[in-house]
Amino acid sequence: MSRAIGWLLVIALLLCLIVPGFIAFRVWHVARVDDRTAADAIVVLGAAQYDGVPTPVFQSRLDHAATLYEVGVAPQIITVGGNQPGDRFTEAGAGRAYLATLGVPPTAILAVETGSNTVGSLDAVALTVRDQGGGSVVLVSDPTHSYRARMMARDAGLDAWTSPTRQGPAVWTRENQVLSIIRETGAVLWYQYHRIAGTDVDFPG
């Protein structure tokens, strides 16, 4: 009996090491993928904005999305993200305004101004894209955020692939990248736990 319990403990310990390790590898691997397959829309995941001005992290995502639009990856850019209490602007609205300053035609930009986290925003995007008769998206975010965003988009019923930004604070230093992989590994585990349990995901970002 004691031997069986010992083996169970060993197996549990191995799983506690292997599962996070595998997820960390997937986060790292997808972060390196730049898939520019033609899609119905380019989706820019939101980040902080201050009084209508995107932060450097958000700007780097928007700059990359504008480049993807210019080379013909998709005919439309969708910005996403709501606002925090007291904010005059939403992340999606700030993103739309910034893209217009880069020369992207306003008619090619759609702001989906709902969602306080990635899963909520992507659920709203999925409804919007399907209402337009589409189903495929290229997601633009920080490299280490790409795996979780792609997972959520596919769970929402979209054909999704990723083209992360390669500039900005999220990729400036090796330390930032390592910390982001650790954070995203925890976020993926949290998301999968709630998905299996059938409960709402309430994870910021």
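What's the extension gain from Ser136 to Thr55 if we count 0.36 nm per residue and subtract their Cα-Cα distance?
Residue separation times 0.36 nm, minus the Cα-Cα distance, leaves 26.4 nm.
Where in the range 65-103 does the label zone of Trp190 land, with the point 7 angstrom along Cα→C-beta and an amide N cut-off under 16 Å?
Within reach of a label on Trp190: no residues.
At what distance in nm do the modelled label points of Arg88 and Leu179 sit from each other, each positioned 7 Å from its Cα along Cα→Cβ?
3.1 nm
For the range 105-150, which whole percent of the accessible surface, found with a 1.4 angstrom probe, sits on carbon and sulfur atoms?
After summing per-atom areas, the C and S share lands at 52 percent.
Sorted from largest to smallest, which semi-axis lengths in Å does the alpha carbon gyration tensor of the range 101-166 give for its equivalent ellipsoid, taking the root of 5 times each eigenvalue?
Semi-axes (√(5λ), whole Å): 18, 16, 12.
What fraction of the DSSP beta bridges in the range 15-158 is antiparallel, stated in percent and rounded to the nearest 5? Kindly include the intermediate steps, with their values, before the conclusion.
On the way: 2 of 13 bridges.
Bridges in the range 15-158 that DSSP calls antiparallel: roughly 15 percent.
With each pseudo-label sitting 7 Å past Cα toward Cβ, what's the Asp155-Arg26 distance in nm, one decimal?
Here the modelled spin labels are 1.1 nm apart.
Apply 1/(1 + (r/R0)^6) to the Cβ-Cβ distance of Ala38 and Thr101, taking R0 = 22 Å, and write down the FRET efficiency to the nearest 0.05. Write down the numbers at each step before the final one.
Details: r = 26 Å, r/R0 = 1.16.
The pair Ala38/Thr101 has a calculated efficiency of 0.30.
Given the peptides 162-169, 25-32, arrange them by the average over their residues of other C-beta atoms within 10 Å, most packed first.
Descending mean neighbour count gives 162-169, 25-32.
Any idea how far the Cα center of the range 14-58 sits from the one of the range 81-156, in Å?
Cα centroid to Cα centroid, the span is 13 Å.
Please state the equivalent ellipsoid semi-axes for the range 71-145: what are the square roots of 5 times the Cα gyration tensor eigenvalues, largest first, in whole Å?
Its equivalent ellipsoid spans semi-axes of 19, 16, 13 Å.
Given the convex hull over the Cα atoms of the range 15-168, what projected area results after averaging over all orientations, in nm²? Don't skip to the end; give the middle numbers.
Numbers: hull surface 36.8 nm².
Average projection, Cα convex hull of the range 15-168: 9.2 nm².
Take peptides 55-64, 36-45, 177-186 and line them up by average Cβ neighbours within 10 Å, highest first, as a rough protection proxy.
Averaged packing, sorted descending, gives the order 36-45, 55-64, 177-186.
The values are calculated or read from the model by the stated rules, or taken from the named source; none is laboratory data. Just so we're clear, the structure is a prediction, and the values are computed from it rather than from any experiment. Cβ: placed from backbone, ideal geometry, glycine included. Neighbour counts: every protein chain shown. The area values use the complete protein model at the heavy-atom level, side chains included, leaving out ligands, DNA and RNA. Shrake-Rupley method; radii C 1.70, N 1.55, O 1.52, S 1.80 Å.
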